[in-house]
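Undergrad: Can you read through this structure? Questions will come right after.
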Amino acid sequence: MIRFMTTTTALTLCLAAPVTAQETHQWGDKNANFEPAVENQTRAALETSDYTYQYQEIAGGVEHPWAVAELPGGEGLLVTERPGRLVHVTLDGTVSDPISGLPEIFNQSAGNSTQAGLLDVKLGPDFGNDRMVYFTYAKGTGDGMSVTAAGRGKLSEDYTELTNVEDIFVQTPPSPTPMHYGSRIVFDGNGHAFITTGEHFTDEERKKAQELNNTYGKIVRVNLDGSIPEDNPFVGQEGAEPSIWSYGHRNVQGAAMRGDQLFTVEHGPAGGDEINIPKPGLNYGWPVVSYGIRYDGDEIGTGRAQAEGMSEPVYYWDPVIAPGDMIFYEGDLMREWQGDSLVTGLVAAGVVRLEWDGDRVSAEERVFTDYGRVRDIEELSDGSLILATDYEDGALIHVTLGGSDS
C-alpha cells in the first residue's frame, strides 16, 4: 500500500516558522575518568552556527528508517526500513510499496532491543550506467544464528525491483547474538568498498575483535564484486581473513570518505564513542582498551584507555552520543560547514557537527536537536539535508535554510 504524508501535516510543516540555531551544548558528567592522549581528542570547543533552519517532514510512518540514498535527477530517495523493506520515497512524500528482490532479512530481537534487519543502502559508483545498488543487512544462517552481510542488485527503471542480487561480503563465523552488526558501506573511488561490522556484544564474542581469523569488529575492504583486493594488509598471512582492513573495533555504524581517507564512527560502552581514521593493518584497541566503562561500572579489558601498539581514536565522546551515520558536508547552502562532519545521534538528540583542523577536531556543535533519535543523514545535491528519525513511526525530515540569517 502506497503511503502519503497527510495534507494537514504537510500544510503545518510548510507554514512552520524558521527555527534559529540551538543554544550551545553543555557537557554532561563523564562515565569514566580517563584523560585524553592528545589535545582536543574529546570535548572540543563548543560553537553555535549563525544559521536559521527550515524543517519539512517529507514522509512519516516510515518504520525505523536506517539509511537514505538520494537518487539522481530529482527522482527522490531510496530508504531502508530496518524490519526488511527497501522503499522509494518521492520528494513530495509518496512512499512506495517495498522494492522486491531483496534477500531474506534476519530481524530477530535481543531482549527489548532490535538491532538486526536491513541496514545501509548506497547507490553504486557507476549507478548512472549500471543501476547497481549496494546494501548491508543481518543475514540469518539457520538455528537463530546470523551475520552481517553486504549485497548488491540492479534497480529497475521504475524503482520496483532489484534483480541479479548477490552477496559481496558475509561475516564469519555466524553468531548466536542478534546485536552489534555495524554496518555501513562506502566506496573509495578506486573500485573498492569498505564495509563496517560489529563484534556481537557478548564477553566471549567481543574478544574476536582482536583476532584475525574472523570478521567481528573489523573494517573490511573488498572489490565491488566481493573479491579481495591484492593489496589488503593481511592477504597471504596464514590464519587471517584476507578481507580485513583494520581491527579492534566495537560496533561501527557510521562511515564516510574525505578524499581518499576513510573515517568511521563507532559505539562505545558507557563512554567512549569513537571517531577513527582506519589505516591498513592497524589495531584500534577494543576490547583491550576503551575510553569508556561497562554499563555496570566495571572496567573494560585492561582498565586503561591507552596501550602501546594500539591506535588512538582521533576523537571520542564521554558521555556518549550513540552515533548513527556520518557525512562530510560539501554543499554551498551552509557554506561555513564545508569540510565539517555531521554525525547523527541516538542518545545525543539530533546531529553533532565537528569542525576539523587537518585530522584533529577543533570545534563541536549540536544541531537539529528537536528530532530525538536521528539514525541517518544525507546531503542532497542542492546542499540541503535529509534526516531519518529512528522510531517505529519514523520520519524523513528535509532541512533547508530560512529566515533572515540564511
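Undergrad: For the condition touching a strand residue (DSSP E or B) at 6+ places or on another chain (Cβ under 7 Å) and open to solvent by 20 Å² or more (accessible area, probe 1.4 Å), what is the one hit in W356, W337? Break it down into steps so the answer makes sense when it comes.
TA: Details: W337 fails: open to solvent by 20 Å² or more (accessible area, probe 1.4 Å).
Just a single option satisfies the conditions, and that option is W356.
Undergrad: Of the numbered conditions (1) touching a Phe, Trp or Tyr at 6+ places or on another chain (Cβ under 6 Å); (2) surrounded by fewer than 24 Cβ atoms within 10 Å (Cβ to Cβ); (3) closer than 20 Å to G124 by Cα, I195 fails exactly one; give the number of that condition.
TA: In the conditions (1) touching a Phe, Trp or Tyr at 6+ places or on another chain (Cβ under 6 Å); (2) surrounded by fewer than 24 Cβ atoms within 10 Å (Cβ to Cβ); (3) closer than 20 Å to G124 by Cα, I195 misses (2) alone.
Undergrad: Test T344 against the stated conditions and say whether it is touching a residue at least 60 places away in the same chain (Cβ under 8 Å), of a type in the set (S, T, N, Q) and either open to solvent by less than 40 Å² (accessible area, probe 1.4 Å) or over 18 Å from E47 (Cβ atoms) (or both). Can you show your working first?
TA: Working: touching a residue at least 60 places away in the same chain (Cβ under 8 Å): yes; of a type in the set (S, T, N, Q): yes; either open to solvent by less than 40 Å² (accessible area, probe 1.4 Å) or over 18 Å from E47 (Cβ atoms) (or both): yes.
Spelling it out, T344 is indeed touching a residue at least 60 places away in the same chain (Cβ under 8 Å), of a type in the set (S, T, N, Q) and either open to solvent by less than 40 Å² (accessible area, probe 1.4 Å) or over 18 Å from E47 (Cβ atoms) (or both).
Undergrad: If you take the residues of region 47-71 that are more than 20 Å from the chain's Cα centre (by Cα) and part of a loop (DSSP other than H, G, I, E, B), which of them is surrounded by the most Cβ atoms within 10 Å (Cβ to Cβ)?
TA: Our first condition is that a residue be more than 20 Å from the chain's Cα centre (by Cα); within region 47-71, this holds for 47-61.
Subset that is part of a loop (DSSP other than H, G, I, E, B): 47-51.
Details: E47: 15, T48: 14, S49: 17, D50: 10, Y51: 19.
So, considering only residues that are more than 20 Å from the chain's Cα centre (by Cα) and part of a loop (DSSP other than H, G, I, E, B), the one surrounded by the most Cβ atoms within 10 Å (Cβ to Cβ) is Y51.
Undergrad: Tell me the residue from R304, R250 that is more than 30 Å from F135 (Cβ to Cβ) and among the basic types (K, R), please.
TA: Working: R250 fails: more than 30 Å from F135 (Cβ to Cβ).
Unique residue meeting the criteria: R304.
Undergrad: Among the listed residues G198, G140, G189, identify the single one that is under 30 Å from G74 (Cα atoms) and in contact (Cβ under 8 Å) with a residue 24 or more places away in the chain.
TA: Numbers: G198 fails: under 30 Å from G74 (Cα atoms); G140 fails: under 30 Å from G74 (Cα atoms).
Step by step, each of G198, G140, G189 is checked, and only G189 is under 30 Å from G74 (Cα atoms) and in contact (Cβ under 8 Å) with a residue 24 or more places away in the chain.
Undergrad: A further question on this structure: So if I check each of D97, D92, which one is under 17 Å from L380 (Cα atoms), touching a strand residue (DSSP E or B) at 6+ places or on another chain (Cβ under 9 Å), among the charged types (D, E, K, R) and modelled with pLDDT of 90 or more? Quick ask: steps written out before the conclusion?
TA: Numbers: D97 fails: under 17 Å from L380 (Cα atoms).
After ruling out the rest, the residue left standing is D92.
Undergrad: Among all residue pairs at least 6 apart or on different chains, which show Cβ distances below 6 Å where the first residue, located in region 33-46, is within 14 Å of A363 (Cβ to Cβ) and open to solvent by less than 50 Å² (accessible area, probe 1.4 Å) and the second is part of a loop (DSSP other than H, G, I, E, B) and not aromatic (F, W, Y)?
TA: Going by the 6 Å Cβ cut-off, the qualifying pairs are T42/P36.
Undergrad: For region 386-397, indicate whether the set of residues that are among the small types (G, A, S) and more than 22 Å from H267 (Cβ to Cβ) is non-empty. I'd like the intermediate steps shown before the answer.
TA: Of the residues in region 386-397, the ones among the small types (G, A, S) are 388, 394-395.
In the following step, the residues that additionally are more than 22 Å from H267 (Cβ to Cβ) were identified as 395.
For region 386-397, residues among the small types (G, A, S) and more than 22 Å from H267 (Cβ to Cβ): present.
Per-residue answers, yes or no, for (1) assigned to a loop (DSSP other than H, G, I, E, B); (2) crowded, with 19+ Cβ neighbours inside 10 Å:
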| site | (1), (2) |
| --- | --- |
| G73 | no, no |
| Q108 | yes, no |
| A116 | yes, yes |
| V147 | no, yes |
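Undergrad: Any idea how many residues of region 319-359 are of a type in the set (D, E, K, R) and part of a helix (DSSP H, G or I)? Even if it seems obvious, please write down each step before you answer.
TA: Kept after step one, since they are of a type in the set (D, E, K, R), are these residues of region 319-359: 325, 330, 332, 335-336, 340, 353, 355, 357, 359.
So of that shortlist, the ones also part of a helix (DSSP H, G or I) come out as 335-336.
Residues meeting the conditions: 2.
Undergrad: Also, quick follow-up: Only one of Y247, Y216, Y284 is surrounded by 18 or more Cβ atoms within 10 Å (Cβ to Cβ), aromatic (F, W, Y) and closer than 22 Å to S113 by Cα. Can you tell me which? So that I can check it myself, show each step before the final result.
TA: Details: Y247 fails: closer than 22 Å to S113 by Cα; Y284 fails: closer than 22 Å to S113 by Cα.
Only one candidate qualifies: Y216.
Undergrad: Another question, then. In this structure, is W317 in contact with a Phe, Trp or Tyr (Cβ under 8 Å, 6 or more places away or on another chain) and open to solvent by less than 10 Å² (accessible area, probe 1.4 Å)? So that I can check it myself, show each step before the final result.
TA: Details: in contact with a Phe, Trp or Tyr (Cβ under 8 Å, 6 or more places away or on another chain): no; open to solvent by less than 10 Å² (accessible area, probe 1.4 Å): yes.
For W317, the condition - in contact with a Phe, Trp or Tyr (Cβ under 8 Å, 6 or more places away or on another chain) and open to solvent by less than 10 Å² (accessible area, probe 1.4 Å) - is not met.
Undergrad: Anything in region 290-323 that is within 30 Å of G372 (Cα to Cα) and among the hydrophobic types (A, V, I, L, M, F, W, C)? List them, or say none. Outline the logic, then answer.
TA: From region 290-323, those within 30 Å of G372 (Cα to Cα) are 290-300, 305, 312-323; that's our starting set.
Matches in region 290-323: I293, I300, A305, V314, W317, V320, I321, A322.
Undergrad: Still on this structure, please answer the following. For region 177-195, give me the residue count where each residue is touching an Asp or Glu at 6+ places or on another chain (Cβ under 8 Å) and not aromatic (F, W, Y).
TA: 8
Undergrad: Which residues, counting only those in region 164-181, are part of a strand (DSSP E or B) and either open to solvent by less than 50 Å² (accessible area, probe 1.4 Å) or within 22 Å of G111 (Cβ to Cβ) (or both)? Full working, then the answer.
TA: Of the residues in region 164-181, the ones part of a strand (DSSP E or B) are 164-170, 175.
Matches in region 164-181: I168, F169, S175.
Undergrad: Has region 316-324 got any residue that is farther than 30 Å from L380 by Cβ and acidic (D, E)?
TA: Among the residues of region 316-324, at least one is farther than 30 Å from L380 by Cβ and acidic (D, E), which makes the answer yes.
Undergrad: Please state which one of Q115, Q171 is in contact (Cβ under 8 Å) with a residue 40 or more places away in the chain and touching a Pro at 6+ places or on another chain (Cβ under 9 Å).
TA: Details: Q171 fails: touching a Pro at 6+ places or on another chain (Cβ under 9 Å).
Every option except Q115 fails the conditions.
The values are calculated or read from the model by the stated rules, or taken from the named source; none is laboratory data. Bear in mind the structure is a predicted one, so any value in this text is a computation, not a measurement. Virtual Cβ from ideal backbone geometry, glycine too; neighbours counted across all protein chains shown. Surface accessibility is based on the protein's heavy atoms, side chains included, excluding ligands, DNA and RNA. Shrake-Rupley method; radii C 1.70, N 1.55, O 1.52, S 1.80 Å.
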